[in-house]
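Chemist: Quick one: the structure is below, questions incoming.
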Amino acid sequence: MNFLIVGAGFTGAVVGRELAEAGHHVKIIDQRSHIAGNCFTKRDEQTNVMEHVYGPHIFHTSDEQVWEYINKHGTFMPYINRVKTNYQNQVYSLPINLHTINQFYKKSFNPTQAKEWISSIADQSIKEPQNFEQQALKFVGKDLYEAFFKGYTKKQWGCDPTELPASILKRLPVRFNYDDNYFSHKYQGIPKDGYTPIVESIITHEQIEIQLNTSFNKKLLEQYDHVIWTGQLDQWFEYSEGRLGYRTLDFEKHIKEGDFQGTAVMNYGDETVPYTRISEHKYFTPWETYNSTIYFKEFSRACGENDIPYYPIRLVNDKFLLEKYIALAGKEKNVTFAGRLGTYRYMDMDVTIKEALYLVSKILLNIRNNDKLKSFYHNEMVV
């Protein structure tokens, strides 16, 4: 078959490669001037620091298949994400751990004492949390909520935490030991040469054609047997039901000699500080040395028509619109919606790759059985 894939991020690349390996012809187009989507990395021209152009990306997974797949296309260096947060001019470790608790309350608790303390300050009157704020108060109480969740969440999501669903905070966000590794996955790392060469390796195949700086036009449908759409779901339908809500990010870049903050990521919990965090990118490649540094102040805001969508808001109205678009998608012919934008979900890189591999395996099975290709495949997944 002749496939057109719209989007040269991880979803488009992985699906394209697997289709090509199976003997199909694939053309991948992207409206940007580069491959790799929001994972795009490049060397800063002035400092030579590896720059994560669309914000920091740390690969973390416990999925053996995904880890094996990604390592076939690049060398990963071990990297532990140790996030700090600045609140009222004090610096703490995240996620909240025994050191954070002892520092915040000026105590020297052992794990058992810390558990008892957190239990005593948690709001036990909240039986069934109805929103993010209530869930956080039930878990950690007022002080820790206001220091590490309230202000940051308001800035990140652009709304009051009482408007966000409780499900965002699924479990107690506290570790009763001194482990400050932000993630808990088996495999964690950053590619030695950045993410762009990895995506380039994935899409390098004689059956794959790449065309950048190219926007999709539905007139192209006539030239292909099937389209894999990894763009925004509502964009495919020209926003006929309204626009799904996204947050976008603005990055204020700075260059200076030496170091700036001494760590890769510093969150800012105070609501009065306009940015959510500062990332200093040379700390994402500790195996390299530099004389200068680049750092970025990160601002979150509502996504406008011409902005890059980063993550879905998925509030009540968005879910209502999503149902409408899913119904419309089910009536479409010769198109499959995939990836975080195409399915309107937040997904880490490992989940993106896992879903892409699953999706293409089902497409190939449908082709072998002469079955109609579906609009969506992700709802079938058992993760």
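The values are calculated or read from the model by the stated rules, or taken from the named source; none is laboratory data. These numbers were taken from a predicted model, which means no experiment stands behind them. FYI the Cβ positions are ideal-geometry reconstructions off the backbone, even for glycines, and counts take in every protein chain you see.
Chemist: Please work out which one of (1) within 30 Å of THR285 (Cα to Cα); (2) in contact with a strand residue (DSSP E or B) (Cβ under 8 Å, 6 or more places away or on another chain); (3) of a type in the set (Phe, Trp, Tyr) is the condition TYR69 fails and give its number.
Modeler: (2)
Chemist: I've got another one for you. Would you check which residues across the stretch 166-188 are over 16 Å from TYR79 (Cβ atoms) and in contact with a Lys or Arg (Cβ under 8 Å, 6 or more places away or on another chain) and list them?
Modeler: PHE176
Chemist: ILE58 is checked against (1) within 17 Å of the chain's Cα centre (by Cα); (2) over 26 Å from GLU257 (Cα atoms); (3) buried (at least 16 other Cβ atoms within 10 Å of the Cβ) and fails just one. What number does that condition carry?
Modeler: Failed condition: (2).
Chemist: Take the residues of the stretch 106-134 that are touching a Gly at 6+ places or on another chain (Cβ under 8 Å) and part of a loop (DSSP other than H, G, I, E, B): which is surrounded by the fewest Cβ atoms within 10 Å (Cβ to Cβ)?
Modeler: ASP123
Chemist: Taking the conditions exactly as written (in contact with a Lys or Arg (Cβ under 7 Å, 6 or more places away or on another chain), surrounded by 16 or more Cβ atoms within 10 Å (Cβ to Cβ) and either part of a loop (DSSP other than H, G, I, E, B) or not charged (D, E, K, R) (or both)), does TYR325 satisfy them or not?
Modeler: no
Chemist: Can you tell me which of TYR224, TYR239, TYR195 is under 18 Å from the mean Cα position of the chain (by Cα) and modelled with pLDDT of 95 or more?
Modeler: TYR195
Chemist: Between GLY339, GLY269, GLY262, which is modelled with pLDDT of 95 or more and surrounded by fewer than 16 Cβ atoms within 10 Å (Cβ to Cβ)?
Modeler: GLY262
Chemist: I need the full set of residues from the stretch 349-383 which are in a helix (DSSP H, G or I), at pLDDT below 95 and surrounded by fewer than 17 Cβ atoms within 10 Å (Cβ to Cβ), in order please.
Modeler: Scanning the stretch 349-383 gives ASN379, GLU380.
Chemist: Can we say ASN306 is surrounded by fewer than 14 Cβ atoms within 10 Å (Cβ to Cβ) and at pLDDT below 95?
Modeler: Yes: the conditions hold for ASN306.
Chemist: Taking THR289 as the residue in question, decide whether it is free of Cβ contacts under 8 Å to residues at least 12 places away in the same chain and not aromatic (Phe, Trp, Tyr).
Modeler: The answer is yes for THR289.
Chemist: Sort out which residues of the stretch 12-31 are farther than 12 Å from GLU206 by Cβ and out of contact with any helix residue (DSSP H, G or I) (no Cβ under 9 Å at 6 or more places or on another chain), and write them in order of number.
Modeler: The answer is GLN31, and nothing else.
Yes/no per residue for (1) more than 30 Å from ASN48 (Cβ to Cβ); (2) assigned by TED's automatic domain parsing to the domain that holds VAL26; (3) without any contact (Cβ under 8 Å) to a residue 60 or more places away in the chain:
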site: TYR178; (1), (2), (3): yes, no, no
site: HIS185; (1), (2), (3): no, no, no
site: SER201; (1), (2), (3): no, yes, no
site: THR204; (1), (2), (3): no, yes, yes
site: ILE208; (1), (2), (3): yes, yes, no
site: LEU220; (1), (2), (3): yes, yes, no
site: GLN223; (1), (2), (3): yes, yes, no
site: GLY231; (1), (2), (3): yes, yes, no
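Chemist: Residues of the stretch 279-299 being assigned to a strand (DSSP E or B) and either within 17 Å of the chain's Cα centre (by Cα) or not hydrophobic (A, V, I, L, M, F, W, C) (or both), which ones?
Modeler: Residues satisfying the conditions are SER279, GLU280, SER292, THR293, TYR295, LYS297, GLU298, PHE299.
Chemist: Does HIS73 qualify as being crowded, with 18+ Cβ neighbours inside 10 Å and within 19 Å of the chain's Cα centre (by Cα)?
Modeler: No; evaluated as a whole, the condition is false for this residue.
Chemist: Could you pull out every one of the strands (runs of 3 or more DSSP E) wholly within the stretch 47-105 that has 3 or more residues that are of a type outside the set (A, V, I, L, M, F, W, C) and modelled with pLDDT of 95 or more?
Modeler: 83-87, 90-94
Chemist: Just to be sure before I move on: is GLN31 in contact (Cβ under 8 Å) with a residue 40 or more places away in the chain, part of a loop (DSSP other than H, G, I, E, B) and closer than 29 Å to GLN156 by Cα in the structure I sent?
Modeler: So GLN31 fits the description; yes.
Chemist: Let me spell it out: the conditions are (1) under 30 Å from ALA329 (Cα atoms); (2) crowded, with 20+ Cβ neighbours inside 10 Å; (3) not assigned by TED's automatic domain parsing to the domain that holds ILE353, and THR248 meets all of them except one. Which number is the exception?
Modeler: Tallying (1) under 30 Å from ALA329 (Cα atoms); (2) crowded, with 20+ Cβ neighbours inside 10 Å; (3) not assigned by TED's automatic domain parsing to the domain that holds ILE353, THR248 fails exactly one: (2).
Chemist: Go over the candidates ILE353, ILE363, ILE294 one by one and state the one that is farther than 30 Å from ASN48 by Cα and touching a residue at least 24 places away in the same chain (Cβ under 8 Å).
Modeler: ILE363
Chemist: Which residue out of GLY23, GLY37, GLY7, GLY55 is small (Gly, Ala, Ser) and over 30 Å from GLU252 (Cα atoms)?
Modeler: From the options GLY23, GLY37, GLY7, GLY55, the qualifying one is GLY23.
Chemist: List every residue pair whose Cβ atoms lie under 6 Å apart, where the two residues are 6 or more positions apart in sequence or sit on different chains, the first residue falls within the stretch 119-135 and is touching a residue at least 24 places away in the same chain (Cβ under 8 Å), and the second residue, located anywhere, is surrounded by 15 or more Cβ atoms within 10 Å (Cβ to Cβ) and of a type in the set (S, T, N, Q).
Modeler: PRO129/GLN135
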